[in-house]
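The values are calculated or read from the model by the stated rules, or taken from the named source; none is laboratory data. Predicted, not measured: the structure shown is a model, and the values here were computed from it. Cβ coordinates were reconstructed from backbone atoms using ideal geometry, including for glycine residues, and neighbour counts include every protein chain displayed. Just the protein is used for accessible areas: all its heavy atoms, side chains included, with ligands, DNA and RNA removed. Shrake-Rupley method; radii C 1.70, N 1.55, O 1.52, S 1.80 Å.
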Amino acid sequence: MIIISIDGTAGSGKSTTARLVAQKLGFLYIDTGAMYRAATLIVLTSDVDPHDKNSVTKLVHDSDISLVNNKGELKVLVNKIDVTKDIRSPKVTGFVSLISSYRRVREYLVGLQRAMAENNNVVCEGRDIGTVVFPNADIKIYIDCSLEERAKRRLLDLKRAQVNTNLEKVKQELERRDKMDSKREFSPLRIPECAEIIDTTNLKIEEQVERVLDLIHSLEGV
Ligand code: DC
């Protein structure tokens, strides 16, 4: 089985790139951020205090989180209920770095991620994919992008989703999340060893996809 790992900061364009690359190659797309968001949604819609690590861990372990690739689109299910839209709410975004900092929450989700790759070629995207989840990935990619450009892109997405915000707020939120995700104790965001670094600040989505596909086509038999 072939494993392509894509890591990078929030809003760097890694999700769109990973989804399109997976679609082109007929690989399974694993959006691990969506799984951490699903775990966060479970907590926020329960009576459990998000700061109560043990109760959060138990609640998440007792839940069924799954990703379904459906005609090029990814659906996120919690206990078989479609939460694809709900996991993108500003409230979930605000708490996801806290919930994903808990070691045993991570261990549970990493187990699910590895199981998905057992019988599939995958493009797996997140923060710790090339470092922890699949350290032996066939190709490791790290996507970077300036904070200004990431904030502009994120603002457009949020405007489309009719969320009322502004560039400065979006920038602060991205910075806060980057800091928490890269400074946390367990599986922080890092550039994996031997990763190809792609800076998307001045790239269009098609160009990002093309760069990744070129790397993958350098593998024998793909
Ligand atoms: O990719 P995203 O912005 O949807 O991810 C949401 C959060 O989930 C991110 O801020 C940190 C966490 N995350 C993580 O800790 N590890 C991953 N492999 C993917 C995401």
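Within straight cross-link reach of Lys204, meaning Cα distance under 23 Å, which lysines are found once same-chain residues fewer than 8 apart are removed? Hits, sequence-local ones excluded: Lys14, Lys24, Lys140, Lys152, Lys159, Lys171. Heavy-atom accessible area with a 1.4 Å probe sorts Tyr108, Tyr102, largest first, into Tyr108, Tyr102. FRET efficiency for the pair Ala115 and Asn70, taken as 1/(1 + (r/R0)^6) with r the Cβ-Cβ distance and R0 = 25 Å, rounds to 0.85. Ranked from largest to smallest solvent-accessible area, with a 1.4 Å probe on the protein heavy atoms, Arg160, Arg211 come out as Arg160, Arg211. Under the classification rounded if a/c is under 1.5, otherwise prolate if a/b is larger than b/c and oblate if not, where does the stretch 108-168 fall, given a ≥ b ≥ c as square roots of the Cα gyration tensor eigenvalues? It comes out prolate by the Cα gyration axes. A probe of 1.4 angstrom, applied to the heavy atoms of all protein chains, finds Leu158 with accessible area near 40 square angstrom. Taking all protein chains together, Met116, Met180 sort by accessible area into Met180, Met116, largest first [probe 1.4 Å].
Please give the contour-minus-distance gain from Arg104 to Met1: 0.36 nm per residue of separation, less the Cα-Cα distance, rounded to one decimal in nm.
Details: separation 103, 0.36 × 103 = 37.08 nm, distance 2.71 nm.
Going from the current span to full extension adds 34.4 nm.
Taken along the Cα-to-beta-carbon direction at a fixed 7 Å, the label points for Leu147 and His51 span 2.6 nm.
The Rg/Rh ratio for the chain, using Cα coordinates for both the radius of gyration and the Kirkwood hydrodynamic radius, is 0.94. Shown for the stretch 55-128 is the translational diffusion coefficient from the Stokes-Einstein equation, using the Kirkwood radius over Cα pairs, a temperature of 4 °C and a viscosity of 1.567 mPa s: 95 µm²/s.
Give me the distance in nm between label points sitting 7 Å out from Cα along the Cα-to-Cβ direction at Asp62 and Asp199, one decimal. Spacing of the two 7 Å Cα→Cβ label points: 4.9 nm. Between Arg190 and Lys91, the FRET efficiency estimated from the beta carbon spacing at R0 = 45 angstrom works out to 0.95. Where both residues lie in the chain, what percent of DSSP beta bridges are antiparallel, nearest 5? That works out to approximately 30 percent antiparallel.
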